[in-house]
Amino acid sequence: MFGIQLRRTPTPNANGHPPANGTYRNGNDHLIHLHTVDKVFQTAAGPFRALHQVNLEVDRGEFVAVIGKSGSGKSTLINMVTGIDRPTAGQVFVGDTPVHTLGESQLAVWRGRNVGIIFQFFQLLPTLTIVENVMLPMDFGGIGTNRERQERAMHLLAQMEMADHAHKLPSAVSGGQQQRVAIARALANDPPILVADEPTGNLDSRTADTVFALFAGLVAEGKTILMVTHDRDLARRATRTVIIADGEIIEEQLAHVFPDLTEDQLVRTTREIDLQKYPAGAEIIHAGAAADRFYLVTKGTVEVVVPTDQGGEVVATRLERGQYFGEIELLRGGPNLATIRAAATGEAEVAAMDREAFLALVAESTGTRQALEHIAQSRLAENAAYRVRNGHA
Ligand code: ADP
Ligand code: MG
């Protein structure tokens with residue numbers, strides 16, 4: 001994205017660059033991957049669990065907003081990604097790097113090259129000028145000559161429309177301007193990932209808006225951004241929202257599909273569901289068998305298969321991530337109406353919930369029941385039309 005590129009010695013494992021075979025050493029192609037992460041703080045009052053069994057996968061180029069109440073664990077979560085904090089249990093991979101295993105000095109080197117960090121209170125060094133602040137990460141990284149560092153810092157400041165202020169001290173400019181400088185500093189070493197902890201939390205809403213727009217522009221240019229925010233309106237403009245409550249991540253699709261559920265209901269429901277993976281073509285439920293679960297597609301595609309008069313079968317419809325099945329049977333009673341399989345094209349993952357939990361949720365949330373009923377009715381109508389078109393009774 002920048003006109004001025006710095007010479008840097010290639011590291012064998014440089015993160016953030018596409019893996020040669022499409023897969024990182026950690027066995028997947030997610031740029032960021034937290035696996036069953038727990039974080040327990042020792043406090044005067046005893047151990048405090050700030051993160052519980054957190055799984056999170058972020059792909060290259062995603063703009064992820066992390067939201068949740070104050071104290072829910074947002075900062076603790078993103079500090080796992082930057083290595084500012086260390087998990088009590090579980091693993092944190094960023095590209096090929098197992099961040100949870102790095103020692104302090106390795107971490108500092110790794111972080112300097114791979115992650116740009118932006119804080120709520122900017123954290124610029126007050127005795128250095130603005131351009132010196134932006135040069136600092138390059139100085140630490142020993143990247144380029146002094147002149148190259150200065151040129152690049154000026155270039156980044158120009159992009160943030162701060163070049164005119166380069167030789168002032170941070171205290172001489174506004175909060176919004178200081179945050180632009182902090183973003184320029186975070187970009188100094190051209191890291192593939194930016195992590196921001198409430199970057200707009202100390203800005204008025206118009207300034208927050210322009211800072212957010214800068215982030216969106218960086219994502220468009222290929223950066224991956226993980227941003228904690230209090231502002232739900234801003235969060236909606238990210239490509240993805242992760243909700244955290246009491247140290248647990250709420251199943252994203254659940255929050256998306258059932259917007260009427262309260263945060264408490266989402267937390268409880270997340271605990272009730274069971275994530276199940278099915279290889280391509282594998283059957284999930286069988287037509288005519290007893291119906292006892294509700295399913296939400298969380299990854300991949302599933303096929304709804306119905307029998308034909310000729311004794312064969314045909315794929316009536318496909319359901320993608322964020323669509324669900326099994327609700328008609330649980331709401332109306334009766335056996336499974338169709339056979340449902342993972343599509344032949346690849347693995348599918350579903351979140352499954354037992355009948356009792358599903359019915360309790362529906363009884364509790366009128367909005368959710370209405371949404372489910374609405375879908376159920378249109379599906380039954382579709383099925384009837386389908387049967388007529390295909391000559392079934
Ligand atoms: P958020 O960023 O969502 O406001 P945090 O991740 O900062 O929340 O904190 C989550 C919980 O962990 C809070 O209850 C907080 O008090 C606690 N916590 C955070 N850091 C520490 C620490 N170093 N020692 C003890 N408790 C901590
Ligand atoms: Mg915080």
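Plainly put, region 260-374 has a radius of gyration that is 0.98 times its Kirkwood radius, both from alpha-carbon atoms, as the Rg/Rh ratio.
Can you compute the helix-only [θ] at 222 nm over the chain? Use -39500 (n - 2.57) per DSSP H run of at least 4 residues, normalise by all residues, nearest 500 deg cm²/dmol.
Working: 12 runs with 135 residues, N = 393.
One gets -10500 deg cm²/dmol as the mean residue ellipticity at 222 nm.
A Gaussian network model of the chain, with springs between Cα atoms under 10 Å, assigns the largest mean-square fluctuation among Gly90, Gly247, Gly333 to Gly333. Taking only protein heavy atoms and a 1.4 Å probe, the accessible area of the chain is 51% carbon and sulfur. Using 0.36 nm per residue and subtracting the Cα-Cα separation, the extra length available between Ser70 and Arg236 on full extension is 57.9 nm. On full extension, the segment bounded by Ala363 and Val109 gains 86.1 nm, given 0.36 nm per residue less the C-alpha separation. Spacing of the modelled spin labels on Asp204 and Gln310, each 7 Å from Cα toward Cβ, amounts to 7.0 nm. Angle between the Cα long axis of helix 130-141 and the longest principal axis of the chain, 0 to 90 degrees, nearest 10? For 130-141 against the chain, the angle is about 80 degrees.
With springs only between Cα atoms under 10 Å, which of His155, His52, His167 fluctuates most in a Gaussian network model of the chain? Highest fluctuation of the listed residues: His167.
Compute the semi-axes of the equivalent ellipsoid of region 48-187, taking the square root of 5 times each eigenvalue of the Cα gyration tensor, and list them largest first in whole Å.
Details: eigenvalues 183, 67, 34 Å².
Ellipsoid half-lengths, sorted descending, are 30, 18, 13 Å.
Using only the alpha carbons of region 265-307, what is the convex hull's orientation-averaged projected area in square nanometres?
Details: hull surface 15.8 nm².
Averaged projected hull area, Cα only: 3.9 nm².
Against the chain, whose longest principal axis is taken from its Cα atoms, helix 355-364 shows a tilt of about 70°.
What number does region 142-228 give for Rg over Rh if you use C-alpha atoms and the Kirkwood radius? Kindly include the intermediate steps, with their values, before the conclusion.
On the way: Rg = 13.0 Å, Rh = 13.6 Å.
Ratio of gyration radius to Kirkwood radius for region 142-228: 0.96.
For the chain, modelled as a GNM whose springs connect Cα atoms under 10 angstrom apart, the maximal fluctuation among Gln159, Gln150, Gln42 occurs at Gln42. Were the residues from Asp38 through His167 laid out at 0.36 nm apart, the gain over their Cα-Cα distance would be 42.0 nm.
Scanning residues 5 or more positions from Val228 or on other chains, those with amide H under 5 Å from its amide H are Val66, Ala196, Asp197, Glu198, with H placed 1.01 Å from N in the peptide plane.
When both bridge partners sit in the chain, DSSP labels roughly 70% of those beta bridges antiparallel. P(r) tail for the chain: Cα pairs beyond 41 Å make up 26% of the total. In Å, the Kirkwood hydrodynamic radius of region 189-251 over pairs of distinct alpha carbons? Its Kirkwood hydrodynamic radius stands at 12.6 Å. Taking Cα atoms only, the orientation of helix 146-159 departs from the longest principal axis of the chain by about 50 degrees. Calculated accessible area for region 251-387 comes out at 49 Å² per residue, all protein chains present (probe 1.4 Å; ligands, DNA, RNA ignored).
The values are calculated or read from the model by the stated rules, or taken from the named source; none is laboratory data. Just so it is clear, the model here is predicted, and its values are computed rather than measured. Note: ideal-geometry Cβ built from the backbone for every residue, glycine included; neighbour counts use all protein chains shown. What goes into the accessible areas is simple: the full protein's heavy atoms, side chains included, and nothing from ligands, DNA or RNA. Shrake-Rupley method; radii C 1.70, N 1.55, O 1.52, S 1.80 Å.
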